[in-house]
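Values in this text are rule-based calculations from the coordinates and carry no lab data. These numbers come from a predicted model, not from an experiment. In this analysis, Cβ positions are derived from the backbone assuming ideal geometry, glycine residues included, and neighbour counts consider all displayed protein chains.
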Amino acid sequence: MGQRLKTDWILFAAVLGMATFGLLIIYSASSVNAAMDPRFGSTWHFALRQLEWASVAVFAMMVLKHTRYKTFENPAIAFGAVGIVLLLLLIVYIVDSAHHRWLRLGGPVGVQPSELAKPALVIFLAFFVKWRGRAINNRRYTLVPAAIAVGLVIFGVVVADLGTAVVLGAAAATVFFVAGLEWRYCVIAATVAMAGVMFFIFMEPYRLARVVKFFDPQFTLIERFDPQGHIKARLERSLVTRDTNYQLRQSQIAVGAGGPVGLGLMNGRQKLLYLPEAHTDFIYAVVGEEMGLLGTVTVLFGFGLIFWRGLRAAVRSKDDFGRYLALGATVVVVVQALINMSVVLGLMPTKGIPLPMVSYGGSSLLSTLALMGILMNVSEHAG
């Protein structure tokens with residue numbers, strides 16, 4: 001008889017608790033605005049849509065939880081997943097010429113291939129690094145092929161979503177570092193990554209404008225070496241709104257107004273046409289206003305639990321493939337959460353990236369719970 005696996009109930013409860021809390025706070029953040037918008041006309045619009053996606057995502061999580069993770073240690077699956085994602089990214093670049101993000105499946109239903117890239121890249125990284133583990137620092141047979149494959153995925157994502165590209169890059173860097181990548185290659189990779197981030201920021205004037213106005217809101221420093229104001233004019237022309245810090249200020253007002261215990265669920269005010277994207281990228285601010293410091297710390301604690309159980313699974317894993325799977329899945333979810341919360345609290349320039357399992361978004365929820373299913377699988381086999 002095979003060994004009976006024991007469910008990691010701490011991780012399982014943390015994930016389901018975060019997803020359930022997400023449904024609750026999405027309803028609170030979106031109900032009034034949804035009822036006022038003639039396109040939706042119901043307070044339940046976004047909450048019900050998220051519930052539909054949640055049912056699919058939980059099913060996917062449970063399937064992956066009960067599918068032995070060693071099944072994915074297969075070149076056809078690892079390379080095939082990356083190939084499919086690259087194809088979808090190319091298709092979405094063509095069909096969604098405005099934003100390069102959405103692949104519509106009919107009506108309002110659509111998926112973001114950049115979100116599907118997360119589990120695909122995690123599986124590929126675990127397979128590739130395990131496969132080339134003894135020659136991890138071989139430039140010709142390991143580093144160059146890995147750089148090409150990972151670089152293509154990140155390049156396909158960064159065109160429309162710089163934040164997700166950074167998350168994927170962090171996962172790849174962590175896995176290779178833990179696998180024993182030499183420091184010189186780590187420095188080279190970090191330098192190339194930073195140069196790439198700067199390049200794509202400068203390539204899109206609106207991204208550059210956000211960064212500049214975050215650090216220099218009045219263009220005081222810019223005007224010192226550009227007194228004619230050419231740079232300022234060019235940056236401001238690229239923006240939909242003149243005040244890129246408006247969203248950040250509204251977010252900070254919401255968090256500050258919440259105090260220790262919040263104003264109470266449904267009682268937040270900033271979500272009422274003041275705070276843009278209240279139910280998506282800035283939902284953490286709604287948590288802060290309505291549930292106060294207690295609510296924001298509780299969400300942070302939830303991701304802390306996932307981080308702990310993920311590292312525990314990686315350390316206890318009986319094989320390298322499982323170790324890298326657990327590590328990659330953990331880094332993707334936790335780093336994305338930290339970026340989102342940092343943006344909401346004003347620690348980073350504004351960047352649209354959802355809070356995993358809490359923000360509204362079906363593709364994000366599906367990819368996150370798929371990763372959590374894989375992580376639970378590794379954790380249960382690790383014992």
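Across the range 240-325, Cα-Cα distances exceeding 21 Å account for 45% of all pairs. Once the other residues with Cβ under 14 Å from the Cβ of Thr280 are scored (Lys, Arg +1; Asp, Glu -1), what is the net sum? Residues near Thr280 contribute 0 overall. Close amide H pairs (under 5 Å, H built 1.01 Å from N) link Arg101 with no residue at least 5 positions away or on another chain. Largest first, the extents of the alpha carbon coordinates of the range 149-224 on the three principal axes equal 46, 25, 14 Å. Normalising the average separation of contacting C-alpha pairs (under 8 angstrom, six or more residues apart) by the number of residues puts the relative contact order of the range 67-203 at 23 percent.
For the range 67-203, the residue among Phe200, Ser114, Cys186 whose Cα projects farthest onto the positive side of the dipole built from Cβ charges is Cys186.
Helix content alone sets the calculated 222 nm mean residue ellipticity of the chain: runs of n ≥ 4 DSSP H residues at -39500 (n - 2.57) each, divided across all residues, give -23000 deg cm²/dmol. Take every Cα pair under 8 Å whose residues are at least 6 apart in sequence, average their separation, divide by the length of the chain, and the relative contact order is 27 percent.
The convex hull around the C-alpha trace of the range 1-75, projected and averaged over every direction, spans 7.4 square nanometres. Along the range 261-273 the Karplus relation, 6.51 cos²θ - 1.76 cosθ + 1.60 evaluated at θ = phi - 60°, assigns HN-Hα couplings of 10, x, 8, x, 4, 6, 9, x, 10, 5, 5, 8, 6 Hz to successive residues, with x for each Gly and Pro.
Comparing mean-square fluctuations of Leu272, Leu168, Leu88 from a GNM of the chain with C-alpha springs under 10 Å, the top value falls on Leu272.
A cut-off of 5 Å between modelled amide H atoms, ignoring neighbours fewer than 5 places along the same chain, links Gly110 with Leu105. Couplings 3J(HN,Hα) of the range 207-217, computed from phi: 5, 4, 4, 4, 5, 4, 6, 5, 8, 9, x Hz, in residue order, whole Hz [Karplus 6.51 cos²θ - 1.76 cosθ + 1.60, θ = phi - 60°; x for Gly and Pro]. Looking at the range 276-363, the trypsin sites (Lys or Arg not before Pro) that sit in a DSSP loop and have at most 12 other Cβ atoms within 10 Å of their own Cβ are Lys318.
Each peptide in 354-367, 154-167 receives the mean, over its residues, of other Cβ atoms within 10 Å, and ordering these scores from highest gives 354-367, 154-167. Remark: Glu380, Glu204 ranked as Glu204, Glu380, counting other beta-carbon atoms within 10 Å and listing the fewest first.
3J(HN,Hα) along the range 175-184, derived from phi through the Karplus expression 6.51 cos²θ - 1.76 cosθ + 1.60 where θ = phi - 60°, amounts to 4, 5, 5, 5, 6, x, 4, 4, 4, 4 Hz, with x in place of Gly and Pro. Full extension of the chain between Thr220 and Phe59 yields a length gain of 52.7 nm, computed as 0.36 nm times the residue separation minus the alpha carbon distance. Kirkwood hydrodynamic radius of the range 67-203, from the reciprocal of the average inverse Cα-Cα distance over all distinct pairs: 15.7 Å. Bridging of Lys70 to lysines at a Cα separation below 25 Å is possible for Lys6, Lys118, Lys130, Lys318, once same-chain residues fewer than 8 apart are set aside.
Projected onto the charge dipole of the chain (+1 at Lys/Arg Cβ, -1 at Asp/Glu Cβ, origin at the Cα centre), which of Ile123, Ala254, Ser359 gives the Cα projection farthest towards the positive end? After comparing all options, I get Ile123. What label, among (i) 26.0; (ii) 21.8; (iii) 27.8, belongs to Kirkwood radius over Cα pairs in Å computed from the structure on display? Only one listed value fits the structure, namely (ii).
Around the Cα centre of the chain, unit charges on the Cβ atoms of Lys, Arg, Asp and Glu (plus for the first two, minus for the last two) sum to a dipole of about 840 debye.
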